[in-house]
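**Student:** Take a look at the following structure, please.
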Amino acid sequence: MRRLAGLWKFMPQTGLLAMIAAAAMAGVPLLNGFLSKEMFFEKTVYMATFEESTWLLPVLATIAGALAVAYSLRFIHDVFFNGTPTDLPRTPHDPSRWMLVPVEVLVVICIAVGILPSLTFGPLLGVAVGAVLQGPAPDYSLKVWHGFTPALGMSMLALAGGALIYAIRQPLFRWHEKLFGRIDARALFEGFERALLWSSRALDQLIHRRSLQFMLVVLISAALVMLARGFWGMPITGSATLLPIDPVSTSAAICLAAGAIGTVVWHRQRWTALVMLSVVGLIIALAFVKLSAPDLALTQLSVEMVTIVLLLLALHFLPKQTPRESSLPRKLRDLLLALLGGGATGLLTWAVLTRPYDSISGWMLENSVPGGGGTNVVNVILVDFRGFDTLGEITVLAIAAIGIYMMLRDLRLDVPLTDDQGRPWSSDVNPLILATFSRLLLPLALMVAVFIFLRGHNLPGGGFIAGLIISVALVMQYLANGIAWTKLRLSGELHPLIGLGLLLATATGLGSWYFGYPFLTSTHGHLHLPVIGDLELASVMLFDLGVMMVVIGITLVILIRLGRIGLVQRRVAIDDSDLKR
Amino acid sequence: MEALIALSVGLLTACGIYLLLRGRTFPVVLGITLLSYAVNLFLFVMGRLSIGVPAILEPNRADYADPLPQALVLTAIVIGFGMTAFVVVLALRARADLGNDHVDGREP
């Protein structure tokens, strides 16, 4: 810009457009910049009338306005006027038509908004303000002439001040040179940037050691430090009245402790650790029964089954024992972290449980029957009140399932033909008694699942639990009868079930749009069937069906595909064209 | 009863963290499972303990088990299974592609 001057002669169109745009930026009346600047000034004056200390605000705003006027003036005067250009390499000219059009459009908008604000910009502004505030817009007046207001005075002052600053720019430049001439801003900036990059690299090298164990130690320690910092000095025990301890709960807790500690002590003997782990899961399910949460107990129990089957399958492909490789100091370090972490969460739990509490669930308890049409509040929350959450959660499940599906594709694992003590695996894959009984049990198990699904809105049950029960029933068929036998009778892939379920749940939500209600609004009614009796039907039942399909899909995709890999690898001769693929 | 629950949550967390810091994938999976038990129990008892209280609405009753943490934990249990399954399959894939079951993908 220091080399440009007098371009008006060569580029009159560009010059005109630039002048209007710069004037709008400077806040010249009858252009859009004037309006926004006046609103801004008005707000600062409004603030100043509230608190005495904020008188600084309008003054600073006026100075800022004056500076904007000064740089706009400098841009226009220096570039387009101010003598003639001297050492330009080529003769400048206006850019082509199409390069000017975007600027013209913007300049026309500047003028139109500046002259007729309420006609051009008013409706758009109303919509935008309504969307941001989620309600009616407050009173505001969008016009050019408000009368003689403080804001108008500030605008005029800014225009005059800007002109003055530009007029005395040479002395100002000299003054600036004298004060800050020696300071090179670029060197400062670059030096700062270099220091920042260096320190972040150093920190990265300190923490990021390509070792998951080390990074987990850092993570857990950081969490502990933050926990201690946040809760330090707070009284631990609150004032709530406590429940008595009964012998049954104590023995359950002892079993839980034995299971958890056993998992840690025997974690090298992986089969033993798995058995210990399943003890913990069962006790947790029992705890849910004791603490009045039947839905959770059912879910925990069925998830426990599929988890253990999954871990058993995985263990088939992994070493059966963990080598001893942790040094004693490392073990002590991990033990210390574990005790600190466990102690902290235990204390936190104790601190919360001993404090009185006011639940926000009252609204849900009151509205469950009139609003959701079900007496099982947990299920009504899942599929109705917080249906959007549940939709998000089954989406997460579906994404996890896709990830698993992709990782299991073309997976080649060496499957040992003997166990870790050299004994060959039994060739009798499908014991007769188990096979016979599992076939008898399948229809019963499916009927239980349907029953649990249908009653879920009023009694413990629902889509999640029914889906898990169906999965367990089908997994049992695979386990007892073998994959080939089951596949002959249950043809078709199961993973499309995940997408279909997600689609059904979403479509149920979208369906309420058709009737003019927000996403996922529910409706319910009664249907009287002969023999079966009064059936409570709610639109959320379709949503719950979608949930159930996703749960069945993800469970079976993982377990069956894992099981199939084992079969392929062991080259069991099975006449199944799909397996020979 | 509160002390029992607090001790259980603490113990499960401690065992979970210890196993999480082991070097092989299978103990880490066990640790994650223990940790998720602890977290689910912790979240669940945020609604405070209620013993022998109905969870299903009945006419003319006012005291119920808090349904909100139950609903949250129910989905958390199922998602926890999804996550465990993901980590297990990741561990299998890592063993297949890298030839060992160390968490860093190489023998120490």
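**Student:** Being over 13 Å from residue B:19 (Cα atoms) and open to solvent by less than 10 Å² (accessible area, probe 1.4 Å) narrows it down to one of A:293, A:253, so name that one.
**Tutor:** The unique qualifying residue is A:293.
**Student:** Does residue A:113 qualify as being within 30 Å of residue A:47 (Cα to Cα), in a loop (DSSP other than H, G, I, E, B) and either at pLDDT 85 or above or open to solvent by less than 40 Å² (accessible area, probe 1.4 Å) (or both)?
**Tutor:** no
**Student:** Restricting attention to region A:195-209, does a residue exist that is at pLDDT below 90, open to solvent by less than 90 Å² (accessible area, probe 1.4 Å) and not assigned by TED's automatic domain parsing to the domain that holds residue A:287?
**Tutor:** Checking region A:195-209: at least one residue is at pLDDT below 90, open to solvent by less than 90 Å² (accessible area, probe 1.4 Å) and not assigned by TED's automatic domain parsing to the domain that holds residue A:287.
**Student:** Among (1) loosely packed, with under 10 Cβ neighbours inside 10 Å; (2) in a loop (DSSP other than H, G, I, E, B), which single condition is residue A:140 missing?
**Tutor:** Exception for residue A:140: condition (1).
**Student:** A follow-up question, please. Can you find, within region B:55-85, the residue that is nearest to the chain's Cα centre (by Cα) among those that are more than 7 Å from chain A (Cβ to nearest Cβ) and either farther than 28 Å from residue A:498 by Cα or part of a loop (DSSP other than H, G, I, E, B) (or both)?
**Tutor:** Selected residue: B:63.
**Student:** Yes or no: region A:48-71 includes at least one residue that is surrounded by fewer than 19 Cβ atoms within 10 Å (Cβ to Cβ), touching a Pro at 6+ places or on another chain (Cβ under 8 Å) and free of Cβ contacts under 8 Å to residues at least 60 places away in the same chain.
**Tutor:** Looking through region A:48-71, at least one residue is surrounded by fewer than 19 Cβ atoms within 10 Å (Cβ to Cβ), touching a Pro at 6+ places or on another chain (Cβ under 8 Å) and free of Cβ contacts under 8 Å to residues at least 60 places away in the same chain.
**Student:** Also, quick follow-up: Of all residues being of a type in the set (A, V, I, L, M, F, W, C) and touching a residue at least 60 places away in the same chain (Cβ under 8 Å) in region A:77-103, which is farthest from residue A:157 (Cα to Cα)? Just the residue, please.
**Tutor:** In the first step, residues of region A:77-103 are kept if they are of a type in the set (A, V, I, L, M, F, W, C); the result is A:79-81, A:88, A:98-101, A:103.
Within this subset, residues satisfying the condition of being touching a residue at least 60 places away in the same chain (Cβ under 8 Å) are A:79-81, A:88, A:100, A:103.
Working: A:79: 25, A:80: 25, A:81: 25, A:88: 38, A:100: 33, A:103: 29 Å.
By that ranking, first place goes to A:88.
**Student:** Would you mention how many residues in region A:456-479 are modelled with pLDDT of 85 or more and outside any loop (DSSP other than H, G, I, E, B)?
**Tutor:** Selection size over region A:456-479: 15.
**Student:** Which one is farthest from residue B:50 (Cα to Cα), of the residues in region A:259-285 that are open to solvent by 60 Å² or more (accessible area, probe 1.4 Å), assigned to a helix (DSSP H, G or I) and out of contact with any Leu (no Cβ under 9 Å at 6 or more places or on another chain)?
**Tutor:** Step by step, filter region A:259-285, then rank; the result is A:265.
**Student:** Just to be sure, is residue A:498 assigned to a helix (DSSP H, G or I), of a type in the set (A, V, I, L, M), under 25 Å from the mean Cα position of the chain (by Cα) and assigned by TED's automatic domain parsing to the domain that holds residue A:558?
**Tutor:** yes
**Student:** Given the criterion closer than 19 Å to residue A:468 by Cβ, in contact with a His (Cβ under 6 Å, 6 or more places away or on another chain) and at pLDDT 80 or above, identify the matching residue among A:557, A:547, A:551.
**Tutor:** Of the residues listed, the single one that is closer than 19 Å to residue A:468 by Cβ, in contact with a His (Cβ under 6 Å, 6 or more places away or on another chain) and at pLDDT 80 or above is A:557.
**Student:** What tally of residues in region A:254-289 results from selecting those that are touching a residue at least 24 places away in the same chain (Cβ under 8 Å) and of a type in the set (A, V, I, L, M, F, W, C)?
**Tutor:** Initially, region A:254-289 is screened for residues touching a residue at least 24 places away in the same chain (Cβ under 8 Å), giving A:255-256, A:259, A:267-271, A:274, A:277-281, A:283-284, A:286-287.
Now narrow it down to the ones that are of a type in the set (A, V, I, L, M, F, W, C): A:255-256, A:271, A:274, A:277, A:279-280, A:283-284, A:286-287.
Looking only at that region, the number is 11.
**Student:** Determine which member of the set A:369, A:352 is at the interface with chain B (Cβ under 9 Å from one of its Cβ atoms) and more than 22 Å from residue B:44 (Cα to Cα).
**Tutor:** A:369
**Student:** Of all residues in region B:64-108, which are open to solvent by 30 Å² or more (accessible area, probe 1.4 Å) and in contact with a Pro (Cβ under 8 Å, 6 or more places away or on another chain)?
**Tutor:** Hit for region B:64-108 is B:64, nothing else.
**Student:** Condition test on residue B:95, is it facing chain A (nearest Cβ under 7 Å) and touching a residue at least 40 places away in the same chain (Cβ under 8 Å)?
**Tutor:** When the stated conditions are applied, residue B:95 passes them.
**Student:** Follow-up. Name every residue in region A:317-343 that is in contact with a Leu (Cβ under 8 Å, 6 or more places away or on another chain), facing chain B (nearest Cβ under 8 Å) and not aromatic (Phe, Trp, Tyr), in order of residue number. Quick ask: steps written out before the conclusion?
**Tutor:** Of the residues in region A:317-343, the ones in contact with a Leu (Cβ under 8 Å, 6 or more places away or on another chain) are A:317-318, A:334, A:337-338, A:340-342.
This time we only want the ones that are facing chain B (nearest Cβ under 8 Å), so: A:317-318, A:334, A:337-338, A:341-342.
Passing the criteria: A:318, A:334, A:337, A:338, A:341, A:342.
**Student:** Let me ask something additional. From the list A:292, A:211, exactly one residue is free of Cβ contacts under 8 Å to residues at least 60 places away in the same chain and in contact with an Asp or Glu (Cβ under 7 Å, 6 or more places away or on another chain). Which is it?
**Tutor:** Result of the check over A:292, A:211: A:211.
**Student:** (1) open to solvent by less than 10 Å² (accessible area, probe 1.4 Å); (2) under 26 Å from residue A:322 (Cα atoms); (3) among the hydroxyl-bearing types (Ser, Thr, Tyr): which one isn't true of residue B:36, the others all being true?
**Tutor:** Result: residue B:36 passes all but (1).
**Student:** So which pairs qualify, if the first residue must be in region A:388-401 and at the interface with chain B (Cβ under 9 Å from one of its Cβ atoms), the second must be open to solvent by 10 Å² or more (accessible area, probe 1.4 Å) and not in a helix (DSSP H, G or I), the Cβ gap must be under 8 Å, and the two must be at least 6 apart or on different chains?
**Tutor:** A:401/A:495
**Student:** Going through region A:224-243 one residue at a time, which ones are in a helix (DSSP H, G or I), surrounded by 13 or more Cβ atoms within 10 Å (Cβ to Cβ) and aliphatic (A, V, I, L, M)?
**Tutor:** Listed by number, the residues that qualify are A:224, A:227.
**Student:** Then there is this: Looking at residue A:378, is it open to solvent by less than 20 Å² (accessible area, probe 1.4 Å), more than 8 Å from chain B (Cβ to nearest Cβ) and either under 30 Å from the mean Cα position of the chain (by Cα) or closer than 30 Å to residue B:106 by Cβ (or both)? Spell out the reasoning first.
**Tutor:** On the way: open to solvent by less than 20 Å² (accessible area, probe 1.4 Å): yes; more than 8 Å from chain B (Cβ to nearest Cβ): no; either under 30 Å from the mean Cα position of the chain (by Cα) or closer than 30 Å to residue B:106 by Cβ (or both): yes.
For residue A:378, the condition - open to solvent by less than 20 Å² (accessible area, probe 1.4 Å), more than 8 Å from chain B (Cβ to nearest Cβ) and either under 30 Å from the mean Cα position of the chain (by Cα) or closer than 30 Å to residue B:106 by Cβ (or both) - is not met.
**Student:** Test each condition in (1) more than 7 Å from chain B (Cβ to nearest Cβ); (2) open to solvent by less than 60 Å² (accessible area, probe 1.4 Å) for residue A:312 and report the one that comes out false.
**Tutor:** Result: residue A:312 passes all but (2).
**Student:** Follow-up. Answer yes if at least one residue in region B:39-48 is more than 7 Å from chain A (Cβ to nearest Cβ), in contact (Cβ under 8 Å) with a residue 40 or more places away in the chain and open to solvent by less than 50 Å² (accessible area, probe 1.4 Å), and no otherwise.
**Tutor:** Within region B:39-48, one or more residues are more than 7 Å from chain A (Cβ to nearest Cβ), in contact (Cβ under 8 Å) with a residue 40 or more places away in the chain and open to solvent by less than 50 Å² (accessible area, probe 1.4 Å).
**Student:** When only residues in region A:355-366 that are part of a helix (DSSP H, G or I) and at the interface with chain B (Cβ under 7 Å from one of its Cβ atoms) count, which is most open to solvent (accessible area, probe 1.4 Å)?
**Tutor:** Per the criteria, the residue is A:365.
The values are calculated or read from the model by the stated rules, or taken from the named source; none is laboratory data. Remember, it's a predicted structure, so these values are computed and weren't measured experimentally. Here Cβ is always computed from backbone atoms with ideal geometry, including for glycine, and neighbour counts include all displayed protein chains. The accessibility values were calculated without ligands, DNA or RNA, using every heavy atom of the protein model including side chains. Shrake-Rupley method; radii C 1.70, N 1.55, O 1.52, S 1.80 Å.
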